[in-house]
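Undergrad: Input: one structure, supplied below.
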Amino acid sequence: MRRKSRLRWIVPLALLVLTACQDRTRDTQPPSAAAECQQIQHSLGETQICQPPQRIVALSPSLLELLLVLDLQPVGYADLVKFQSDTLDNPREQIPLLGDRITQPIRYVGTSPDPSLEAIVQLKPDLILATLEMNQQEYALLSQIAPTLILPYGVGNDWQENLQKIAQIADRRELAQNAIAQHQQRIAQVRQNLAAAIQERSRILVLVGNQLDRGLRVEGNTTSCGSLLENIGFELVLPPNSPTGSPNLSLEKLPQLPADSVLLLGYDFSRNAPQTQDFERSQLQQIQQDWENNAIAQSLKASQNNRVYFASAYSCLAYPGPLGAEVYLQEIEEQILSP
């Protein structure tokens, strides 16, 4: 509470300085500038954008992903996990999976659910992208700093609508359309490549976890991890009376679920932000070891038939759009087709 109270006066004070500079710029704008403004609808209302943004802050990996799809580089970024440094000066080594697409140092502004408003103010952004799930409470304060869009995280096809909104603002509609078309083509290609394997073993159980003794979450089609598998032809196996998945499933109940294959989505953020070096190994090491050494897990039909696959949960949970999907689908495709 003390932090929020302090921010209520820090943000307006900082804005006084920024506004003084911005007002001088506005006075020199031609009368036609107002006519170029766009009213952009988002989850919490409508925001006016009057020029393509140059300094964007993205408050989630899902929004960073969409900026990179449009060849836009953010000046600030909040992740789901905590980074050790305020400046991501080597994003290739600091941001998992997509760091090689970032071509300039960016400022780390905190975690997605708890971004540093002071850090955001210092960046002087002209657009803030935030998520409904994590930033609804900060919307009023964020809007004082810069025009702010509150968007759903991007599960399912939501990412396509989010991408099109950002493309409209940045005047990059063609890039957005191409990305959506390429994603659909990739889904069709993977579906065709795996058609024979899926026909033979169509029922797949998707589990998310770090350690078996802490329980596992069963993924349904409400996240990209599950919906992508449905799109390529798999039938998701779910616990009884749990049409959207299960928040916590004990290991003892696994034999009751009629799965031909099992996909384990591992994660390990025990050391704060994951490093890109050996990223997949660090995310999967614990869950793979637990699975191989557990009698119940090894008794399953999928284990006995060598149909247990592993992938990083980060690829489809943190990045639900086309770039994450490419990483996720490639991991799955390679394992299923591996002799």
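The values are calculated or read from the model by the stated rules, or taken from the named source; none is laboratory data. Since this is a predicted model, take the numbers as computed values, not measurements. Note: ideal-geometry Cβ built from the backbone for every residue, glycine included; neighbour counts use all protein chains shown.
Undergrad: Return a yes/no flag: does the range 146-155 have any residue that is in a helix (DSSP H, G or I) and not assigned by TED's automatic domain parsing to the domain that holds Asn231.
TA: No, because not a single residue in the range 146-155 is in a helix (DSSP H, G or I) and not assigned by TED's automatic domain parsing to the domain that holds Asn231.
Undergrad: Which one of Ser250, Ser242, Ser270, Ser261 is small (Gly, Ala, Ser) and modelled with pLDDT of 95 or more?
TA: Ser261
Undergrad: Would you please list the contacts, defined by Cβ atoms under 7 Å and residues six or more apart or on different chains, that run from a residue in the range 117-144 that is in a helix (DSSP H, G or I) to a residue that is surrounded by fewer than 22 Cβ atoms within 10 Å (Cβ to Cβ) and small (Gly, Ala, Ser)?
TA: Cβ pairs passing all conditions: Ala119/Gly110; Val121/Ala14; Leu132/Ser43.
Undergrad: Could I ask something else about it? Out of Gly209, Gly226, I need the residue that is without any contact (Cβ under 8 Å) to a residue 60 or more places away in the chain and in the same structural domain as Ile332 (by TED's automatic domain parsing). Which one?
TA: Of Gly209, Gly226, the one residue that is without any contact (Cβ under 8 Å) to a residue 60 or more places away in the chain and in the same structural domain as Ile332 (by TED's automatic domain parsing) is Gly226.
Undergrad: Would you say Asn231 is at pLDDT 95 or above and assigned by TED's automatic domain parsing to the domain that holds Gln38?
TA: In short, no.
Undergrad: When residues of the range 221-269 are filtered for being within 19 Å of Trp291 (Cα to Cα) and assigned to a helix (DSSP H, G or I), how many remain?
TA: Total satisfying the criteria: 6.
Undergrad: From the list Gln189, Gln168, exactly one residue is surrounded by fewer than 19 Cβ atoms within 10 Å (Cβ to Cβ) and under 21 Å from Ala325 (Cβ atoms). Which is it?
TA: Gln189
Undergrad: For the structure I just gave you, tell me whether Glu219 is acidic (Asp, Glu) and buried (at least 20 other Cβ atoms within 10 Å of the Cβ).
TA: It is true that Glu219 is acidic (Asp, Glu) and buried (at least 20 other Cβ atoms within 10 Å of the Cβ).
Undergrad: How do the pairs read when you match residues in the range 165-181 that are farther than 14 Å from Ile49 by Cβ with residues anywhere that are outside any helix (DSSP H, G or I), using Cβ under 8 Å and keeping only pairs 6 or more apart or on different chains?
TA: Leu175/Leu70; Leu175/Asp71; Ala176/Leu70; Ala179/Leu70
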